[in-house]
Structure formats: C-alpha cells, structure tokens
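Notes follow once the structure below has been shown.
The values are calculated or read from the model by the stated rules, or taken from the named source; none is laboratory data. Note that the structure is predicted; figures quoted are calculated from it, not measured. No Cβ is skipped: glycine too gets one built from the backbone with ideal geometry, and neighbour counts run over all protein chains shown.
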Amino acid sequence: MTAEARQAGSPAGPAADGSRPLRIALLTYKGNPFCGGQGVYVRHLSRELARLGHQVEVIGAQPYPVLDEGRAGLRLTELPSLDLYRQPDPFRTPAREEYRDWIDALEVATMWTGGFPEPLTFSLRARRHLRARRGDFDVVHDNQTLGYGLLGDVGAPLVTTVHHPITVDRQLELDAAEGLRRRFSVRRWYAFTRMQKRVARRLPSVLTVSGTSRQEIVDHLGVRPDRVHVVHIGADTDLFSPDPAVPQVAGRIVTTSSADVPLKGLVHLVEALAKVRTEHPGAHLVVVGKQPTEGPVAQAVRRYGLDGAVEFVKGISDAELVGLVRSAQVACVPSLYEGFSLPAAEAMATGTPLVATTGGAIPEVAGRDGETCLAVPPGDAGALAAGLSRLLGDAELRARLGAAGRERVLRHFTWARAAEGTAARYREAVARSTGTGRRDAGAGPDRHARTTVPPTRTTVPPARAARTAAAGAAAAGPVREVLPAGDPSPAGAQPGRSDAATEPAGEASPAGPAGGPVGGVETVPAGASPAPAPAEATATPTRTTGVYRESRSTC
C-alpha cells in the first residue's frame, strides 16, 4: 500500500458491539449502485458497517462502486479490469498496449467466445491483491464473485454473499429463448454457473438475503445447509419515506424493471395494464428502466396500443426516483422470481401501496396478501390486472396497505439491521479461524491501527503496496486508491475445511435480521487448490442479480 492508503483505517474506540473494530475487505466485481443490485448492496452495507465503527475497504472493478462521502472508516480501492462492456463501445477489442498479463488475455478470449469473464478474472486479481496485503484485513467479504481465485488462502477468513443462484435466471432465459442459435448463446453466457457450483460448495460461510434464496442455494448449488445463513437486506428508510406534500398522480402505476430480462415479468404487467384501462381509462405505467425497441415488451406495447400509456425513464437521481414512487397511486413488482426484491421494500418504505407477485422471496419482503400488499401469482396478467384495478378504485385500501407496508419495512428490512447481522457473521468467521471461538474475535492490539484521511487517488503496484510502511493522519472521508494488474501470476491455494451449526432461516424478527440466532456458526478458511479454470467458466453478470435501477448512469 501507499503511505496514504496505510493511513486509512479503523476509527479509535470500540465498535458498536463493544469489541475492537474489524478491518473488512468488501469485494465487488461490479459496483454501479444505480443499475444493479450488487452495487446497491455494497453502497448501503459499507456505509452502515462504517457507521457501526468498522473500517471498510471496498475493492471493486468497473463500473466502480459509489460510496457515501464523508464517512470515516470507509474507502475505495479500484482494481481495474479491461472494462470490455463499457459504454459507448461494449464488446470492444483492447489496444495492444492495454494488455498487462495473462489474466487480461483470458478476459478478452472469454468475451470473444461469447462468455462473461469479469467475475473469474476479478477473482484472480483480487486474490493476488489480498495476498500482497496479508495482515491488513480481519475478514474478506465477497459479494457474489464466486470465482476460482477466491478458493484457498486469501489472507483472511472469507465470508461470501450469494443473493440467489443464477441457475434460476439461466432457466428462465432458456425458456424464453427462440431458436437454437439463441439457446446456444444463452447457454454459453451462463456457462459460469458450473464455476459457481464448484466454488460455492467449498465456501466456509455463505450469507444470503432470504429464506427462499437459502433453500435454492442448497438445492441448486449443492451447498451444505449449515453453511448458509440468512441476513435480510433492506431499504434506505431515510431516503425512501412518505411525503404528504408530494401529490399523487391519478392512475399512475410505477415499477422498476429490466425489459430484456424475462424473470422481471414486465411483459405480463404491460398486458395487465391493457386490461386495467378498460375499467380505469386513465391508468398508465411508468417503468424505471431502459426502453426496449424490440422484444416481447416492445411488441406487447404495440399490440395493445399502449404507446401513450407506458413511459420508460432512466438517468434519474435517487431523489427523483423517490419522488416518482411517492407520486404513484400503486407500485408493482411483477417478477416471476426475486431473491429478495429491493424495489418492493423501497416502494413500501415510501408508503406507496404495493401489488406484487409471489415469485421467489417476494412474499418474505412484501408480507401477506391483504395486510401489507396485494399478492398475485407470478406470470398471471389477469390476476395482476385485478389487483391493480382494486387498488386504483379504493383509496381507503391504498392508505391502509401503504401505512402497513412502511411499518413492515421499518420493523424488518433496514440496512442498519443488515449491517449488524453481517458483522456478527464476520466475528464468527474470525473467531473460528483464530481458534478462539469467541464472539468478540478481533479483540486485542491492532497492529495496523489507522485513521481516516481525506480522499486521495494513487496508482501503485500491489508488490510495492505490500511493502509500504504505515503512517498516521486524521480526517474524514473515503480514500480511493487505483491499482493496476501487477504480478502476472496468482499464488497457489491451501486446503481447509469447514463445520457450522445449523441456523433456521426465515422472516426477520427482533432477535436478529436473519429471523433466528445470530451466533453459533464456526468457520475456517476453505479450499483445496482449484482446478484450472476453462475460458468459459465465468460468473454472475450484474444484470441478473435482482435490482435493475437505471439512474444517473447506465450499464
């Protein structure tokens, strides 16, 4: 690390739980918080972990994460890829001078053959970087990279978040694919699911966001049930809040959706809108997402003559998104499947009444039909239409469901609760790896005690970073450090094992965000030496992780 980077660290004094603050490396191979669920997760979780008193270093690739400014103990390290999918030239061929090592060559070769390389190549770069900085972190938290590079020794105990198995997305896209050529393309893109299964089965501790996702991780990925733990995520309830001063627009229905992803169910909502307009001619739909020019959704809009009744918006700020949701009479989540559904939680947090399907984990978030939402079967346009018409025609029901939805989110689904539950899992992983078995693992002298410095941007190779001495300074704000690819080969992995106590999954409760005990798990670093990764074995694209908000920038 550079001297500036060494200065960023844990605030003085204990964390919120009374123990020494943890030094956390939070990995994310894609971090844009405005159009992908992974970026939303990293942004809010990192902020709340820092608020609890921990030092969080987010290590990410393009599009880089956006962190909350002015938060002590929070910093960003950029670990650049070749950024092959950037706008305005996606699927580009890099210039010869851009190649730095064999990982870059692997990244380009996988793209050229129709695969998605970024999770695999990011995992290899991250392992190299983490090993060069051994001793800088108490725990490494991987946000669904699930790449071969994270197997074995990464310099600290590993905790991994899997939002939901991407095998679900793969099957839904295959079901919607027309023709052999399209089906082959889908299979090639989702070839990374083989790597995900292999990696997931060897992970010591897996966090997920719902009981539904927990069961599917066990069923689809083959992870032992006692290694998978539910920590519900949540909405930013300060931002997403009711405001009576914002006037509602009669007939407005709002949804956050990606039109080109079948599991989002937008085509069924468009069909439902056509039915709703026979009873409520003023009903119209605002979609937060990119407008499609072709495909099932565009065809449905034309087929039902809804060109003036369906509006797509993108490039809006968070504040504008909140204002849009507040202005709607009804919010809708038409998804065939969700691993959690942040759009549902955010709409409920504003007090906007919700119509949602029962796909995947949505009922865990939205609650019971008629109490906190109106629930309908996934893929049923008629049921969607009936629910939307009912709410549009009943102001008293809208008010009751809106208030109950807000209360449910405040009680169960906040980022503060998510951070507390996640930090508890960190301490369990650290305790197991050090053999203490204590919940307050991490206590004792901090060999790398640091203070936060103002934002800086530096470029250093990892080898030099690992040799740089620590320095002291005091100020607030995240630190940004840019690191090139560096050493061309990753080190080998060491074998390990894992044993954990079973935790019941389910709805959050006052006992803890997971709805069950937060203690009891014991883990050690996992991994035997990974098999050589084939070019097609890649991991989850951001576009399939559950939230598709187009805002300020696109991906």
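Observations
- Checking each residue in region 59-73 for being assigned to a loop (DSSP other than H, G, I, E, B) and not charged (D, E, K, R) picks out 61, 62, 63, 64, 65, 66, 67, 70, 72, 73.
- Every condition in (1) over 25 Å from residue 43 (Cβ atoms); (2) of a type in the set (A, V, I, L, M); (3) at pLDDT below 95 is met by residue 66 except one, and the failing one is (1).
- When residues in region 277-296 are screened for being within 23 Å of residue 362 (Cα to Cα) and at pLDDT 95 or above, 3 of them pass.
- Checked against (1) in a loop (DSSP other than H, G, I, E, B); (2) under 30 Å from residue 18 (Cβ atoms), residue 424 passes all but a single condition, namely (1).
- Flag if residue 228 is in the same structural domain as residue 332 (by TED's automatic domain parsing) and surrounded by 20 or more Cβ atoms within 10 Å (Cβ to Cβ): no
- Members of region 196-223 that are basic (Lys, Arg) and either farther than 26 Å from residue 427 by Cβ or assigned to a loop (DSSP other than H, G, I, E, B) (or both): 197, 198, 201, 202
- Matching residues, region 29-58, being part of a loop (DSSP other than H, G, I, E, B), touching a Ser or Thr at 6+ places or on another chain (Cβ under 7 Å) and under 18 Å from residue 145 (Cα atoms): 29, 30, 32, 35, 36
- Residue 347 vs. criteria within 30 Å of residue 229 (Cβ to Cβ), assigned by TED's automatic domain parsing to the domain that holds residue 260 and in a strand (DSSP E or B): no
- Residues in region 177-201 that are at pLDDT 75 or above, buried (at least 18 other Cβ atoms within 10 Å of the Cβ) and of a type in the set (Gly, Ala, Ser): 200 alone.
- Selection count, region 225-240, where residues are touching a Lys or Arg at 6+ places or on another chain (Cβ under 8 Å) and in a loop (DSSP other than H, G, I, E, B): 3
- For region 151-172, the tally of residues that are over 20 Å from the mean Cα position of the chain (by Cα) and at pLDDT 75 or above stands at 7.
- From the list 107, 57, the lone residue that is among the acidic types (Asp, Glu), in contact with a Leu (Cβ under 8 Å, 6 or more places away or on another chain) and over 19 Å from residue 161 (Cβ atoms) is 107.
- In region 388-416, the residues that are surrounded by 22 or more Cβ atoms within 10 Å (Cβ to Cβ) form Cβ pairs under 6 Å with partners that are assigned to a helix (DSSP H, G or I) and at pLDDT below 95, at six or more places apart or across chains, as follows: 415/44.
- Tallying residues that are within 20 Å of residue 186 (Cα to Cα) and either buried (at least 19 other Cβ atoms within 10 Å of the Cβ) or under 26 Å from the mean Cα position of the chain (by Cα) (or both) within region 268-295 yields 1.
- Top-ranked residue of region 71-128 - restricted to ones that are among the aromatic types (Phe, Trp, Tyr) and surrounded by fewer than 17 Cβ atoms within 10 Å (Cβ to Cβ), ranked as nearest to residue 42 (Cα to Cα): 91
- The set of residues in region 359-375 that are under 15 Å from residue 411 (Cβ atoms) and buried (at least 23 other Cβ atoms within 10 Å of the Cβ) comprises 364, 365, 366, 367, 372, 373.
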